[in-house]
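Reviewing the structure listed below.
All of the numbers you see were taken from the coordinates with simple rules; none came from a lab. Predicted model, so just to flag it, every value in this text is computed and none were measured. Here Cβ is always computed from backbone atoms with ideal geometry, including for glycine, and neighbour counts include all displayed protein chains.
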Protein chains: 2
Amino acid sequence: MSSTIDATYNELVDELRQVALLRSCGSVLSWDEQTYLPPAGGEFRAEQLALLAGMSHEQATSSRIGDLLAALSNPASLGGEDSLRFANVREARRHYDRATQLPRRLVEELSRVTTLSQQAWVKARKAQDFAQFLPWLEQVVALKREEAQAVGQGRGPAYDALLDDYEPGMTSDEVASVFDPLKARLVDLVAAIRDSGRQPDVSILTREYPVDRQAEFSRRAATAIGFDFDAGRLDIAAHPFCSGIGPGDCRLTTRYDASFPRGIFRHAARGRPRHVRAGFGPAHFGTAAGEAASLGIHESQSRMWENLVGRSRAFWQHFYPAAQATFPAALDGVVLDDFHAAINDVRPSWIRVEADEVTYNLHIMLRFDIERALIGGDLQPAELPGVWNETFQRYFGMTPPNDALGCIQDVHWSAGLIGYFPTYALGNMYAAQFFEAARVELGDLDQQFARGEFAPLLGWLRREIHSRGLQFRAADLVKLVTGKPLSSEPLLRHLNERFRPLYGV
Amino acid sequence: MSSTIDATYNELVDELRQVALLRSCGSVLSWDEQTYLPPAGGEFRAEQLALLAGMSHEQATSSRIGDLLAALSNPASLGGEDSLRFANVREARRHYDRATQLPRRLVEELSRVTTLSQQAWVKARKAQDFAQFLPWLEQVVALKREEAQAVGQGRGPAYDALLDDYEPGMTSDEVASVFDPLKARLVDLVAAIRDSGRQPDVSILTREYPVDRQAEFSRRAATAIGFDFDAGRLDIAAHPFCSGIGPGDCRLTTRYDASFPRGIFRHAARGRPRHVRAGFGPAHFGTAAGEAASLGIHESQSRMWENLVGRSRAFWQHFYPAAQATFPAALDGVVLDDFHAAINDVRPSWIRVEADEVTYNLHIMLRFDIERALIGGDLQPAELPGVWNETFQRYFGMTPPNDALGCIQDVHWSAGLIGYFPTYALGNMYAAQFFEAARVELGDLDQQFARGEFAPLLGWLRREIHSRGLQFRAADLVKLVTGKPLSSEPLLRHLNERFRPLYGV
């Protein structure tokens, strides 16, 4: 490697860091908006975020970055296609090409509108009033279509240009090709479970669980599986999310309700993404090496801890005594098996973020179909409630009683996050496939969990996945780690193995 | 006014708003740093804030702003020297001239160092260890000297260049000329009170005051005197401050300890500055019309509500029954007069923010002398504890047992706020002088307070002071509102009238 290339590469990394640093300021303002912003400050916040988005965009599209990328276009000079440098330049090029397609006006408008739209969404959901939200949805969809046109330039469906931002290199046809075979088999599994004579006592879940003790228990569980509260926080927000602001600052949010476990799974799980985000560590902040391979990969880490670990019997062999001590009024006299069956209750429900592992994926497929149609122009925003309710009836055999339990339950579309939903179900698939590979290498994980040992799994994930950042695209990473291309089979195997015995079906 | 001038002026205002908008993003990050930032995120936060400071500085010193100011240099074309436009251009010019004297490197370095230095200060204060803090203080003082040299260009004492940032147009000699006559008379008053046979029962103040009820009572009192929690927040921080982030978003912080009233005064009082900051309202955000005339004027509004109103007997005639109901264990059977005497207890104490109204000003004079010497080069940072303790002994007749109760009790120097302290005592003087004028116009304020009526005073302040923003410099505003130049006499009158009867001296 020549010293000129070295200098050019280092300058590029410096530029990328400045962009990421400015973006991270926006992350603080967004986190604050969703946690602590006084209501009257909403419009001003939209102006602040729009300004930062515009300035970040200007930095990210500077001609200097273009020149540096052009000077680094020879893979061999970077150390070849397997090198970290090559990957960093490849992803910088992808971001640059995408950003330079977007006028600053559109970027600022998207930021401003989606900030205000999220605030409108909070109110509309509370009022169970889709009509209140519709004008905002129309604006967001129009802007996202404009974004998709600008980025996609007519190559493939417009939706794919949005999806690519979250799941680089994956097309909507590829998503459909893993979703479709799964859909029918999930519907069958849900039906078999529904018709089973064996049903858990779910009343266990709605007894007395004081919110402050939930918070305390969540902190303890999160700490036990490796979340560092010296480098992170846990706050309350209308939409539970995880914001990796920067090195040493990763923030989870959650919401508590009266029932027990869901919040806890979420907290325990949401802490994980920071390990992905951290990538090779703070030194790689701002480069691809410091990012997850895709949002689906990122999500797979949450899903693994939330579902594969956090809802396993082995996990609760370890934590259940502490849970009983924390919530004696609710859990005294409840045996572990009954508790475990209750937290794995499978049944159609309205709200995605509270859904069980089996029906969850159907919630995603519903959204995937709808948002493809919205961006493709086959569905108008005003038609959303009708199509939502009709599809919901088909998948779940019931119709939402209002739109707060239906099409305006999620923050995503208000925030301009279209193309994002599929990554949740992809995350479930990646997680199951990685977990099978981890089992092969690490031996009896259940025994380890039952002893409260989570470090071996975490170490494996760090080594095999986190430390690779975005050196490989998701499809290649899956093959590298598991030896096979992505498939829905491991997830189906897991669901069958966990739920058929529980329900005797 | 010509339409060319109109267009030029409007463009200038747009530019200034963009600068203020970017600065306000930094305010959110600073607020967050002092309230919720995880410890491990401190270094990254310093990088974020330095970047924003550097970018703001670049915007604020753009040649475009210089050109616009040059094109607006004729007062007549702006509507004359009494016009709002003239004032906005005058202050924009002052900010621009100041900013263009400072290299971006210095601005970023100051931001980075003062962010880290504040974090170091929190730790050093906790450890009661000046030595830990000294290297940071040395860096801050060196950078502030550099700033003073760059801005002052050898015109007058270096310290004045820093003071001018907080109290525009005032020199340190002018500050000394109002401080000096006050000092001796305060020392006399403190001595007279100390030697009085009548002393309040201060044990009332350290009974059982649960922190959550303090917070609740504070919110109620703040609301009653006009603070709008829809447009603001109250959080906990190591250093109580008020951050006016932008329209609709004004944030107070406080710290609670076991004793009763001080926190309450502070909350009730700190909400006021937003009325000053708001100036003519959100439409003036970013211009002088949306700023206070000076930090002393700004502070005078807090001081008026905290001391002149909040420690008056009339105020407590209204609030005391609610206080008794909120803190029955502490206040049952305590009569109003005894309570009122206790919260007006005057005695030398270590901590400025907890000092009574009389000794408070001596705390400020001590700091004023020391920081002048630090910037003037007559005092080295390493000598600070010695000089502090010696002067403290002279003013208060006692020596701090450690530096946490002495020279490292305040956050200001760690934050680079040098030249800031005098504005607190100036604020007390402005407040007393304004209050006398308000009494003349509004009649018996005590009767109004006793009935819980605070709107007439607030209305007067809005009209006479807040709505004028920085249209007039502080010295001119005082003359305009009170008919006289600033003097320490009204403050002395107030202190004599309140405390001599209480102590029978």
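Tabulated results
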| read-out | value |
| --- | --- |
| Computed log₁₀ I(q)/I(0) - Debye formula, equal Cα scatterers, no solvent, chain B, q 0.07 Å⁻¹ | -0.38 |
| Nearest-ten-degree value, helix B:489-503 long axis tilted from longest Cα axis of chain B | 20 |
| Built amide H within the under 5 Å cut-off of A:Gly244, gap 5+ | A:Arg251 |
| Charge dipole magnitude, Cβ of K and R +1, D and E -1 - the range A:347-473, Cα centre, debye nearest 20 | 340 |
| Dipole of the protein assembly as shown [Lys/Arg +1, Asp/Glu -1 at C-beta], most positive-end residue of B:Ala192, B:Pro348, A:Pro200 | A:Pro200 |
| Values of log10 I(q)/I(0), in the order q = 0.16, 0.19, 0.20, 0.25 Å⁻¹, for the range B:338-404 under a Debye, Cα-only, solvent-free model | -0.58, -0.76, -0.82, -1.13 |
| Pair-distance profile P(r), taking every C-alpha pair of the range B:41-86, with 5 angstrom steps and integer % | 5, 20, 13, 13, 13, 11, 9, 7, 6, 3, 0 |
| Residue-averaged 222 nm ellipticity for chain B, from DSSP H runs of 4+ at -39500 (n - 2.57), nearest 500 | -20500 deg cm²/dmol |
| The range B:341-365 residues near the modelled B:Asp201 label - backbone nitrogen below 18 Å, point 7 Å along Cα→Cβ | B:341-346 |
| Environment charge of A:Tyr36, counting only residues whose C-beta is closer than 14 Å and scoring Lys/Arg +1, Asp/Glu -1 | -3 |
| √(5λ) per eigenvalue of the Cα gyration tensor, the protein assembly as shown, largest first, Å | 55, 35, 28 |
| Backbone HN-Hα couplings from phi across the range B:113-130 [Karplus 6.51/-1.76/1.60, Hz, Gly and Pro as x] | 5, 6, 5, 5, 5, 5, 5, 5, 4, 4, 5, 5, 5, 4, 7, 6, 10, 4 |
| Cα lying deepest toward the dipole's positive end in the protein assembly as shown, options A:Leu461, A:Gln128, A:Gln118, charges on Cβ | A:Gln128 |
| Centre separation in Å (Cα based) which lies between the range A:356-399 and the range B:470-505 | 69 |
| Per-residue HN-Hα couplings for the range A:330-338 [Karplus 6.51, -1.76, 1.60; θ = phi - 60°; Hz; x = Gly/Pro] | 8, 10, 4, x, 8, 7, 3, 4, 5 |
| With eigenvalues of the C-alpha gyration tensor scaled by 5 and rooted, the range B:162-201, Å | 34, 12, 5 |
| Normalised alpha carbon radius of gyration of the range A:412-466 [divisor 2.2 N^0.38 Å] | 1.49 |
| For the protein assembly as shown, with +1 on Lys and Arg beta carbons and -1 on Asp and Glu, the positive-most of B:Leu162, B:Val478, A:Asn389 along the dipole | A:Asn389 |
| When the convex hull of its Cα atoms is projected in every direction, mean area for the range A:2-57 (nm²) | 4.1 |
| Nonlocal Lys pairs with alpha-carbon distance under 26 Å, chain A (8 or more apart, or different chains) | 4 |
| Solution diffusion estimate, µm²/s, Stokes-Einstein, the range B:40-134, Kirkwood Rh from C-alpha pairs, 37 °C, viscosity 0.692 mPa s | 207 |
| Point-charge dipole on Cβ atoms (K/R +1, D/E -1) for the range A:41-195, about Cα centre, debye to 20 | 360 |
| Reciprocal mean inverse distance between Cα atoms of the range A:311-362 - Kirkwood radius, Å | 12.2 |
| Largest-first principal axis extents of the Cα set of the range B:107-168 (Å) | 40, 21, 19 |
| Cut-off 20 Å, label 7 Å out along Cα→Cβ of A:Arg94, residues of the range A:1-37 by amide N | A:12-21, A:23-24 |
| Length-normalised contact order for chain A - Cα pairs under 8 Å, 6+ apart - percent | 20 |
| Dipole magnitude (debye, nearest 20) for the range B:175-240, charges at Cβ of Lys, Arg, Asp, Glu | 180 |
| Karplus-derived 3J(HN,Hα), 6.51/-1.76/1.60, for each residue of the range A:51-64, Hz, glycine and proline x | 4, 4, 4, x, 5, 4, 4, 5, 4, 5, 10, 5, 5, 4 |
| Fraction of beta bridges assigned by DSSP in chain A that are antiparallel (%, nearest 5) | 45 |
| Under-5 Å amide H pairs with A:Ile236, H placed in peptide plane, nonlocal only | A:Thr254 |
| Taking B:Thr359, A:Thr100 and counting other C-beta atoms within 10 Å, the order from fewest to most | A:Thr100, B:Thr359 |
